[in-house]
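No lab work stands behind these numbers, since they all come straight from the coordinates. On a predicted model such as this, the values are computed, not experimentally measured, just so you know. Here the Cβ positions follow ideal geometry from the backbone for every residue, glycine too, while neighbour counts run over all protein chains shown.
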Amino acid sequence: MLVEDIMIKQPVTITEEQTIQEALELLHQNKIRHLPVIKEDKTLIGIVSDRDIRDASPSIFYLDDNNESLLHPVSRIMKYPVITTHPLDFIEEAAVLYGENDISALPVVTEDDQLRGLLTETDVLHTLVKLTGAHEPSSHIEVKVPNKPGQLADISTIFKEHHVNVTSLLVYPHSDQGWNILTFRVRTMDPRSIIKHIQSKGYEVQGPRFPGLQQ
Amino acid sequence: MRQDAIFVYSEKQLNYKFNDDHPFNHLRLHLTYDLLRMAGALPLSSVSPPRVATDEEIGLIHDRNYINAVKAAGENKLDEAIAHSYGIGTEDTPTFPHMHEAAASLVGGTLTAVDMVMEGKSEHALNLGGGLHHGFRGKASGFCVYNDSSIAIEYMRRKYGVRVLYVDTDAHHGDGVQWSFYDEPSVCTFSIHETGRYLFPGTGSVHEKGAGKGYGLSINIPVDAFTEDDSFLECYETAFKELVEFYKPDVIFTQNGADAHYYDPLTHLAVSIQTYMKIPQIAHELAHKYCNGKWIAVGGGGYDMWRVVPRAWGLVWLAMTNQTHILKKPIPKAWIEKWEDVPDTDLPVDWTDPAVPPVPRRAEIQEKNLRTLEKALYHIRLEQG
């Protein structure tokens, strides 16, 4: 999946001469946290976040004293150079940038820093929810498998034999080293025969544990 | 003459049958009917046969193309790949001869129940053949072809202009009905079910609250696996009472799945028959207090069809008709003798369950459910002050 598939294509922007007050209003009106700062030809020159604006705003204890601080142009507080991503980058590459740089929005730019969109952490999170398949009616089957080749193929065959559609699949490491958890969402209300089949091949299927008892 | 309650049933409803090995088996209807008849609790004058729903009525919720696909599948004239795209011909909802007619008659049963109540011929009505709450606009899901409950609610909204409170106590989330009315302010849906952590359909989290004008009117209480009577009933009763007080519906529509019982093979809840005594009693009481008695009830899931479903569903009728004194008597011998040779298990001899050892960590589960209940009702309590 590429950045251009999930980015916001027409983000709210601001120009460098506009005031911090205007930036504050844009954030409030649109319920957003980031404003790319652009020139008239859409060249990206900076970014302001709600945090930058908060730093420039008067303390709530002195609201009446120095309101003129909000009249400065945005260029005084914007951050640059900007960490950006490209429309054809992979989402997982872009997602790494959030953690590495402690940021939560990435302007998407092409040649000559032309702004094409904005990719926020929220967009990435929504995509993750879709990838887990949690929005489709399904039963959830978790299988503990040794971390070696062929395990997924073995278990997938069982779903095929039962004519059951898999709507999503996640693989993640188990807390026991050398083991993985395969998490399937499958389109059936009655997974009993499938679970029995997987168990008969010697695999451990995780389910609601009878409380208080060790498995 | 105005009746207290109508029991919608005919043996034709048993035609909704996938195959012999399928867990969804409407022989349950016959077993329940028999049990009530033999217990002397169901005079023939209270029984009304279901009508068959028309295509227009089914089309209140379902897409035309989907209805045509179901018809074709029932005549064995539908390509397998196309059938799959409609969720039929799968392990869950296999095709069977005349499946459209069978499904339309379950929908018709619920519409019969609705008309009886809305036209004032009866205070309450029960169609145990309905409650197929997983059916989607253009797709069969979870054993359900047509969603009789969504259709009946939409039918009531249009024909009678009423506000409906839908209450779903099946162990699975009532997803089909919830999504039908997710942004509709004249329908409030409330589903209490086992958490979707492992169980189908996986939705029904406490954060699904509705959208647009219907925001706040989808209520979900996902309870933990191994929840028992006290905790289940605490959540159900508290939420139901506060919701009916807040929403002030004109009519109550309850879905009475009986698959939260500890014997049920498909789910992981641990309630006993005690819960199935209380569920309809509370619905009955609230229908009289807030809706002039207007209460329509349907069936739903329930996969221990010998030990659990006939009693649980019989209890809905007994509560509806104030005949709970019958519970002091044993299960009629005639019923046991008629059916005991069919299943592999013994049939119950009493309306109640024998005591079982408490589930370990009961207190923790109860506490967790209580927090879920608080989250589910948070916005309503805020508004009520």
Provide A:His86, A:His72, B:His124 in ascending order of the number of other Cβ atoms located within 10 Å of each residue's Cβ, fewest first. A:His72, A:His86, B:His124
Given a 10 angstrom Cα cut-off, can you work out which residue in A:Pro73, A:Pro81, A:Pro11 is the most mobile in a GNM of chain A? A:Pro81
B:Ser180, B:Ser85, B:Ser186, B:Ser149 arranged by Cβ crowding within 10 Å, fewest neighbours leading: B:Ser85, B:Ser186, B:Ser180, B:Ser149
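Volume per residue, Å³, of the convex hull around the alpha-carbon atoms of chain B?
Numbers: hull volume 50.7 nm³, N = 385.
Enclosed volume per residue, from the Cα hull, is 132 Å³.
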Return the single residue from B:Ala211, B:Ala53, B:Ala312 with maximal mean-square fluctuation; model: Gaussian network over chain B, springs between Cα atoms under 10 Å. B:Ala211
Expected sort for B:Val244, A:Val96 with the fewest Cβ neighbours (10 Å cutoff) up front is A:Val96, B:Val244
Output field shielding_mean for A:39-50 (other chain Cβ, 10 Å radius) holds 0
Qualifying trypsin sites (Lys or Arg not before Pro) in the stretch B:59-140, DSSP loop, other Cβ atoms within 10 Å at most 10: B:Lys77
Karplus (6.51, -1.76, 1.60) ³J(HN,Hα), θ = phi - 60°, over the stretch A:132-143, in Hz, Gly and Pro reported as x: 6, x, 5, 9, 10, x, 6, 9, 10, 10, 10, 10
Counting only other chains, what is the mean number of Cβ atoms within 10 angstrom of the Cβ of each residue in peptide B:259-271? 1
Taking the Cα centre of the stretch A:135-206 as origin and charging only Cβ (+1 Lys, Arg; -1 Asp, Glu), how large is the dipole, in debye to the nearest 20? 100
How big is the Kirkwood radius of the protein assembly as shown, worked out from every pair of different alpha carbons and given in Å to one decimal? 26.9
Report the charge-dipole magnitude of chain B in Debye, nearest 20, computed about the Cα centre from +1 at each Lys and Arg Cβ and -1 at each Asp and Glu Cβ. 1000
Rank A:Ala23, A:Ser69, A:Pro36 by how far each Cα sits towards the positive end of the charge dipole of the stretch A:1-90 (+1 on Lys, Arg Cβ; -1 on Asp, Glu Cβ) and give me just the farthest. A:Pro36
I need the chymotrypsin sites (Phe, Trp or Tyr not before Pro) found in the stretch B:151-223, filtered to DSSP loop residues with at most 14 other beta carbons within 10 Å of theirs. B:Tyr215
Once you mark the GluC sites (Glu not before Pro) that are in a DSSP loop and have at most 16 other Cβ atoms within 10 Å, what is the longest gap between them in chain A? A:41-215
Once every DSSP H run of n ≥ 4 in chain B is given -39500 (n - 2.57) and the sum is divided by its residues, what mean residue ellipticity at 222 nm do you get, rounded to the nearest 500 deg cm²/dmol? -12500 deg cm²/dmol
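Within 9 Å, Cβ to Cβ, of B:Met320, how many net charges do the neighbouring residues add up to if Lys/Arg are +1 and Asp/Glu are -1?
Taking every other residue near B:Met320 into account, the sum is -2.
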Is there a simple number for the mean count of other chain Cβ atoms within 10 Å of the Cβ of residues in A:124-137, and what is it? 2
Among A:Pro87, A:Pro137, A:Pro107, which one shows the biggest mean-square fluctuation in a GNM of chain A, springs joining Cα atoms closer than 10 Å? A:Pro137
Please go through the stretch B:247-352 and write out the trypsin sites (Lys or Arg not before Pro) that DSSP classes as loop and that have at most 11 other C-beta atoms within 10 Å. none
